[in-house]
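The values are calculated or read from the model by the stated rules, or taken from the named source; none is laboratory data. These figures come from a predicted structure and were not determined experimentally. Quick reminder, even Gly has a Cβ in these numbers, built from the backbone with ideal geometry, and neighbours come from all protein chains shown.
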Amino acid sequence: MKEIKEGFVIETLEKHFGFSTFRTGQKEIIKDILSGHDVLGILPTGTGKSLCYQLPSILFRGITIVVSPLISLMIDQVKQLKAKGFKRVAAINSMMNVEQKKAIINNLNQYKLIYVSPEMLQNSWIMKVLLTQHISLFVIDEAHCISQWGHEFRTDYLKLKAVISQLNNPPVLALSATATPEVQQDIMHYLGRPKMLKRIYPMDRENIAFVIEHTANWTDKVDRIINLLKEKQVPTMIYFSSRMWCERISTILGERLPNRNVSYYHGGMDSEDRLLIQQQFMNNQLDIICCTSAFGMGVDKPDVRLVIHFHMPTQLESYIQEVGRAGRDGKQSVGLVLYSNGDEQIPLTLIEQELPTDKQIQDVFHFLSSTTIRELPQLEEAIFINLELNETQWGFISHQLERNNLIENGILVNDHSKWRTGLETTLAYRNKRMRNKEELFTQFLSWIHSTSCRREKLYESFQNGFTKPELLCCDHCHSVLSNWQTEGLPIKDATYNWNEKLKKIFQIG
């Protein structure tokens, strides 16, 4: 370490985090950060990416800003740090009222680490106060969200380059668990940091075994899950492609598995309800979660042993992220995909819904280029109602408006030639994105139907080679589920309800 001696870094690591050594990649990334370099760090899910900025935040004299995509992720990390005795940390998010935000913003110099969403950094009041502070490090967590080829592309992340510039260009750390070479290049491009030091580590986790089972239909899947969860009493996450399926299967499992605590989680729930479910799962009050892809990034539960995919994700990168929630403590875990003929239709429909159709794009461009109202915010409600766009589709189009210089400071330009060119460019870009998404889904289908080692096939697009596990690898290499030894959960008495728990707590009766 250049300015901070390595011995002091290790001492700080032990004092604040209870570790005497670093995990793979942490030391190298932290050393680069402390030396003032911009870094792109790709580390597998569950290997301690957050330490790469949490430790430097303590050592730096100024403030470290962490851009995070999920409120639940921010809240959970703040809670964990405070539990370890690190009090100079806070999160600014949309769940807070004005007074709560003011309490943090007006006392910003008392904090070392601030978590914030990309949307919050577009707030002029927040930025005005941040500009008065010394920002030592700017961190982008889940940095694949920046990339147009990333599986959770969010247009708000594209505005971070300007934010970093306003904050006098502090060192930048971009972190993700999965990123193809194309996504890595995209991240550096959109951040305006082409010379970032790249610390890219293998994504494969030896302790996760992969299994794909073919089933006749959805009821066959349910029966298989019930039989497996009766046998394997382990914390489990089950992924679905829709909110309806989440709730439906959660109800069935709750009825047929009385000794297990089951609930569901999806993006249609209130923020408070989602946070409650997450905390209950973290605290072992729930041990089976039926969820959509909305559940994952905020979950740092070390002992998830089984991740089941009832429905297929749309690409391998999403799958690697989701199955990576298992076995964060390094113990043997399993990822199980249940596949039935015809399952392809759901992800293909989702892909179509993510992007606007050619007609929707044409209708929006015609409406905006011909309206007499030039302020875009005044038109958004009419666009949603009359043109039947979902939020993701509108996000795509509004990004194209900015990209093609058709909007400046919220005002639509009045140049018909620009609108014609912008329409052509947007349609071409949309078709390119659609082809890319379809190709990525084809890769996932190829993996489902492959006859060779699933681990090798899963990671070949992301890295050169992989580590062959000593124990369980995949269903082509081992009989995984029959050889998987689990510790299990305490068996719960089905008759032991909340009334009896309360009686016991208050010693009633």
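Residues of the range 225-245 include at least one that is in a loop (DSSP other than H, G, I, E, B), surrounded by fewer than 18 Cβ atoms within 10 Å (Cβ to Cβ) and among the hydroxyl-bearing types (Ser, Thr, Tyr). Restricting attention to the range 116-166 and to residues that are among the acidic types (Asp, Glu) and either surrounded by 21 or more Cβ atoms within 10 Å (Cβ to Cβ) or not assigned by TED's automatic domain parsing to the domain that holds ALA90 (or both), the residue that is modelled with the highest pLDDT turns out to be ASP141. Filtering PHE60, PHE86 for residues that are within 17 Å of SER136 (Cα to Cα), assigned by TED's automatic domain parsing to the domain that holds ASP32 and aromatic (Phe, Trp, Tyr) leaves a single hit, PHE60.
For the range 366-485, the helices (runs of 4 or more DSSP H) that sit wholly inside it and include 2 or more residues that are farther than 30 Å from HIS309 by Cβ and either touching a residue at least 24 places away in the same chain (Cβ under 8 Å) or touching a Pro at 6+ places or on another chain (Cβ under 7 Å) (or both) are 376-387, 391-403, 416-448.
Scanning the range 425-439 for residues that are surrounded by 12 or more Cβ atoms within 10 Å (Cβ to Cβ) and either farther than 15 Å from ASP363 by Cβ or of a type in the set (Phe, Trp, Tyr) (or both) yields a count of 8. When the range 92-115 is filtered for residues that are assigned to a loop (DSSP other than H, G, I, E, B), under 20 Å from the mean Cα position of the chain (by Cα) and surrounded by 13 or more Cβ atoms within 10 Å (Cβ to Cβ), the ones remaining, listed by number, are ASN93, MET95. So, in the range 23-46, of the ones that are in a loop (DSSP other than H, G, I, E, B) and among the β-branched types (Val, Ile, Thr), which residue ends up farthest from PHE60 (Cα to Cα)? Filtering the range 23-46 for residues that are in a loop (DSSP other than H, G, I, E, B) and among the β-branched types (Val, Ile, Thr), the one farthest from PHE60 (Cα to Cα) comes out as THR45.
Selection over the range 229-262 of residues that are of a type in the set (A, V, I, L, M) and without any contact (Cβ under 8 Å) to a residue 12 or more places away in the chain gives a count of 1. On the basis of being in contact with a strand residue (DSSP E or B) (Cβ under 8 Å, 6 or more places away or on another chain), farther than 19 Å from ARG274 by Cβ and in the same structural domain as GLY18 (by TED's automatic domain parsing), does LYS102 make the cut? No.
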